[in-house]
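Step one of this worksheet: look at the structure below.
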Amino acid sequence: MSPFLAQAATEPINRAELLADDPLWLILLKAVVVMLIGPIFTVVLIVGERKTVGRMQNRPGPNRVGPFGMLQSLADAIKLPFKEQVIPDTADRKIYFLAPVIAVVPALIGLAAIPFGGEVTIFGERTVLQLIELPVSVLLVLAGASIGVYGIVLGGWASGSPYPLLGGLRSAAQVISYEIAMGLSIIGVVLYSQSMATSGIVAAQADGGWYFYLLLPSFVIYIISMVGETNRAPFDLPEAESELVGGFHTEYSSMKFAMFFLAEYSNMVIVSAFATTLFLGGGMFPFFGADAAINQGWWPALWFLAKMCVILFGFIWLRGTLPRFRYDQFMKLGWKVLVPAALVWLLLIATVRALRNASDVSTGQILIIGGVAIVVVVLLMLLIPEKEIPEDEGHVSTTGGGHPVPPLDLKVPETTPRRRALEAKRRSEEKQQAELSPQAAGAPGEGSKEGESHGDL
Amino acid sequence: MRTETSLVLAQAGADATVSTGEAVAFWILGPIAVAGALCMIFARNAVHSALWLVMTMLSLGMLYMLQQAPFLGFTQIIVYTGAIMMLFLFVLMMVGRESSDSVLEVLRGQRLMAAVLGIGVAGVLAGALTRALAEVPAAPAMNPWTPEGGGAGGLARVIFQDYLFPFELTSALLITAAVGAMVLAFTDRHSKQGRRSQRDLVEARFRGEYERPSPKPGPGVYATSNSVATPALLPDGSIAPESLSDLIESTPTAQLQAHRKQLASRAAGPDTHALVGPDGAGDDDGTGADTTAGGAAKATEDKA
C-alpha cells in the first residue's frame, strides 16, 4: 500500500504548507475571486452561447445592446431582479424561496478546490493559485454537485404544480444515475495518479502525460456524464420545454429564476474546470515540460482558462447540434452503457496497477497476458449461439409491412350485385326467347350442340 | 489492528486538547445537528422532515472534516445526503405533497413498543457516551495526508485487508436486498398477463376490441385560429363531434350552437371562420346546413 500514497504525500504537502501560510487578506481575496468566476462566466457564457448557437443556425443572435450585442446579458442581469415575482398559491413558500439558494451556493463553492495554476507571488506573498488544498479535494466537487441537485428537486416540488414536479423528479433520477458514472470515471483517474488531491492529479499528469488519451474511456464517460449532470442539451430533460414547459423552473420568475440560471452556468464552469484538472493537465502548456518559463508564474492560469473555454464551447456546440434524448433512452444510456463500461474499464486499470505495483512483471508481459486474455474472451464469445428470432408461421399481420392487407375475418362474397343483375337479365332474356318461339328454341339448341361437336372435331 | 489502536491511544495523552477553532465550530454545528434531528421528528410534512435530516447530516459531515477526517466527511455528504436522502425525497415526491403525517394508528401496540425500544436505545447510547467521556482518552490529532493518519489509503487498508470478511458479508447482504427488491417489484410486461406492447394494441384496435381504430381527432388548426377550442372539420365540412372537448370551458355547447345558428342564417360563400362547409352546397332543399348543424349540435349535447 505504501507506494500508493507515497507520491501523493510529498508534492501536495508543499502546496498545502504554502496555502496554510496565507495571511487572512489573501485568503479573502482569493475567496472573492473564486466566487466571482462563476457569475462572470455566466454573464459571458449566456451572450456567447446565444451568439454561437445563432451563428450555427444561420442567424446573427443578439445584436442590439452594446457593440455586437455583447452587453445583452448585462442588460438581462439588470432587468431580471426588477421583474415582478409571481408565487403560485399552492407553493410551499419556505422551500420555494430556499430552493434557488440551495442550487446556487454549492455551484459557487465547487471552484475552491480547483488548482488554477502553480506558485505565484501576490503583493509580495508567495502562494498557490488555489483556495483550499485537501487530500480529497476531488470529492469536494462531487459533493457540491450532489448538494446542488437539491435546489432543482426542491424547486420542482415546492412550486406545487405538475410540470415542475415532473421536472424535479426527472432531475433527481438523472443526477443520481449520472453521478455514478461520473464517480467511476473519476476513480479511474485517482487510481492512475494515486492521489485524490486535485493538485496531485495535475502533478501526476505533468510527469506521465495527460489522462485524456491515457485514460480515454474514463474521459469519454466523464464528458458524457458531465453533460448529464449539468442538465444541458442533449440531456436537458428536467427543463425540456417541449414536454414540461420550463421543467423545474416553470413557476419561478424574477431574481429566483436568475439564480437558477446562475447555478446552471456556474455548474457548467465547474465541471469544465474539473475536466481540465482531471484530464487535460490543469494549467500545463503541452510540449514544454513543467520547468519551462511558459509554465511558470501566472501563465498556467491563462492556459487553464483557455482549456476550460474549449470545453465550454463544446457544451454550446452540443446544444446547437444534437436533439434532446428521450427519457428512457437517456436512462438506458446511463445504466446500461456508461456504468458497465466504466466498471469494466476500472477493473482493467486496477489490474494493471496491481501488476505494476508487483514490480516483477514487465510491460511486455502485461501486454502479452492481456492480449491472450482478450483473444480467449473473443473466442468464447464466438461459442455463444446466436439468438434465434422466433418466427410465427401462422401469424398474419393486420397492419404494417407497407401493403394494405385485408382484415382476417373478411368474407369474400360468392357473387357481386352487378354479376347477379347480369345473371338475372340473361335469364329473363332466355325466358322471353323461349316464350316467343318454343319450336325454334330446340333448333338453336341442336345447332349449338352441332357447333360444339364441330368444335370437338 | 488492535495493537495499532492501542499504540495510537497510548500516544494520545500528550496533545489531547481541543483547539479554539474546533471548539467554536463544534458549538455551532452541534446544536444545528441536534436541532435538525428534533425538527425532523416533529415536522408534519414528510418532505420538510427529510430536509431537516439533510441538515443534520451536513453538519455531521462538516464535524468530521473539522476533526481531520475529510474523506469521511465528504463521503458522508456524497453518500448520505447526495444519494440516500435524494432517493427518499424521490419517493416522498411520488407519494404526493399533501400526504402529511397521519395521527391514526394502524399498528396495534406501536406506541408501547416504540417507547420500550426508544428507552433501550437511549440507555445504550447514554452508557456508551458516559464511557467515552469518562474513560477513553481522546485520539491524537491526525494527518489526513498520510495513510496512517486517517487518509483514504489507510481506510482502504483497514476495509480491504483487516476487515475484508465483514465488509464482503455486508456487501453480500446489500446485494441480496437489492436483488430481492427487484424480484418483488418487477412485473413482466412480455408475459400474457403483462402490459400489451404497442404492436399488440394496434392489432387489437383493428380487430375491433376498442371503440375505434384511430385516436380521436384533435382540435382544428386553421389559418384563422389554432385554439384547442376550435373543433376539427370532417372532409365534407361538418364538425367532427369527437373533436369537441367537454373540459374546455370556452366551448360550451350553447355558445357553439348560437354561433352556428348565426352562420346558418347568413347565406355566405366559403368562409374560413365558418364552422360548417359552404351552405347547402350539395343539398336539394337548402336546409342541409340546418340539418347538419342540428346533427352536430345533438352530438355535442350527447357528449355533454
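The values are calculated or read from the model by the stated rules, or taken from the named source; none is laboratory data. These numbers were taken from a predicted model, which means no experiment stands behind them. So basically every Cβ, Gly included, is an ideal-geometry build from the backbone, and we count neighbours across all protein chains shown. Ligands, DNA and RNA are stripped out before the accessible areas are found, and what is left, the full protein with its side chains, is counted by its heavy atoms. Shrake-Rupley method; radii C 1.70, N 1.55, O 1.52, S 1.80 Å.
Brief remarks on what is shown
- A search for C-beta distances below 9 Å between a residue of region A:417-429 that is open to solvent by less than 100 Å² (accessible area, probe 1.4 Å) and any residue that is at pLDDT below 90, counting only pairs 6+ apart in sequence or on different chains, returns A:423/A:415.
- Residue in region A:191-214 that is open to solvent by less than 10 Å² (accessible area, probe 1.4 Å) and among the β-branched types (Val, Ile, Thr) present: yes
- Residue in region A:349-368 that is closer than 30 Å to residue A:129 by Cα, at pLDDT 85 or above and surrounded by 12 or more Cβ atoms within 10 Å (Cβ to Cβ) present: no
- Residues considered: A:149, A:141. Of these, the only one that is more than 7 Å from chain B (Cβ to nearest Cβ) and either under 19 Å from the mean Cα position of the chain (by Cα) or over 27 Å from residue A:209 (Cα atoms) (or both) is A:141.
- Residues that are touching a strand residue (DSSP E or B) at 6+ places or on another chain (Cβ under 9 Å), closer than 14 Å to residue A:29 by Cβ and not in a loop (DSSP other than H, G, I, E, B), drawn from region A:117-143: A:120, A:121, A:127, A:128
- From B:111, B:131, residue being under 31 Å from the mean Cα position of the chain (by Cα), away from every other protein chain (no Cβ under 12 Å) and modelled with pLDDT of 75 or more: B:111
- Of all the numbered requirements in (1) within 14 Å of chain A (Cβ to nearest Cβ); (2) modelled with pLDDT of 90 or more; (3) open to solvent by 30 Å² or more (accessible area, probe 1.4 Å), residue B:57 misses one, and that requirement is (3).
- Check on residue A:107, among the small types (Gly, Ala, Ser) and within 13 Å of residue A:267 (Cα to Cα): yes
- Number of the exception - residue A:104 against (1) of a type in the set (A, V, I, L, M); (2) in contact with a strand residue (DSSP E or B) (Cβ under 7 Å, 6 or more places away or on another chain); (3) closer than 20 Å to residue A:41 by Cα: (2)
- Residue that is surrounded by the most Cβ atoms within 10 Å (Cβ to Cβ), among those in region B:71-90 that are facing another protein chain (nearest Cβ under 7 Å) and closer than 16 Å to residue A:132 by Cβ: B:74
Here's the yes/no breakdown for (1) open to solvent by 20 Å² or more (accessible area, probe 1.4 Å); (2) out of contact with any Ser or Thr (no Cβ under 8 Å at 6 or more places or on another chain); (3) facing chain B (nearest Cβ under 7 Å):
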residue: A:145; (1), (2), (3): yes, yes, no
residue: A:153; (1), (2), (3): no, no, yes
residue: A:162; (1), (2), (3): yes, yes, no
residue: A:165; (1), (2), (3): yes, no, yes
residue: A:177; (1), (2), (3): no, yes, no
residue: A:181; (1), (2), (3): no, no, no
residue: A:185; (1), (2), (3): no, no, no
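- Taking region A:87-115 as the range and being over 18 Å from residue A:253 (Cβ atoms) and open to solvent by less than 20 Å² (accessible area, probe 1.4 Å) as the test, the residues that pass are A:106, A:107, A:110, A:111, A:112, A:113, A:114, A:115.
- Filtered by the rule that a residue be open to solvent by 40 Å² or more (accessible area, probe 1.4 Å) and at positive phi, region A:241-293 gives A:245, A:287.
- Pick from region A:53-86, criterion out of contact with any Pro (no Cβ under 7 Å at 6 or more places or on another chain) and of a type in the set (S, T, N, Q), ranking: least open to solvent (accessible area, probe 1.4 Å): A:73
- Number of residues in region A:227-240 that are modelled with pLDDT of 80 or more and either at positive phi or of a type in the set (Gly, Ala, Ser) (or both) equals 2.
- Hits in region B:60-70 (condition: outside any loop (DSSP other than H, G, I, E, B) and open to solvent by less than 50 Å² (accessible area, probe 1.4 Å)): B:61, B:63, B:70
The rows are residues; the columns are (1) of a type outside the set (A, V, I, L, M); (2) outside any helix (DSSP H, G or I); (3) more than 17 Å from the chain's Cα centre (by Cα).
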{"residue": "A:248", "(1), (2), (3)": "yes, no, yes"}
{"residue": "A:261", "(1), (2), (3)": "yes, no, yes"}
{"residue": "A:275", "(1), (2), (3)": "no, no, no"}
{"residue": "A:289", "(1), (2), (3)": "yes, yes, yes"}
{"residue": "A:307", "(1), (2), (3)": "yes, no, yes"}
{"residue": "A:330", "(1), (2), (3)": "yes, no, no"}
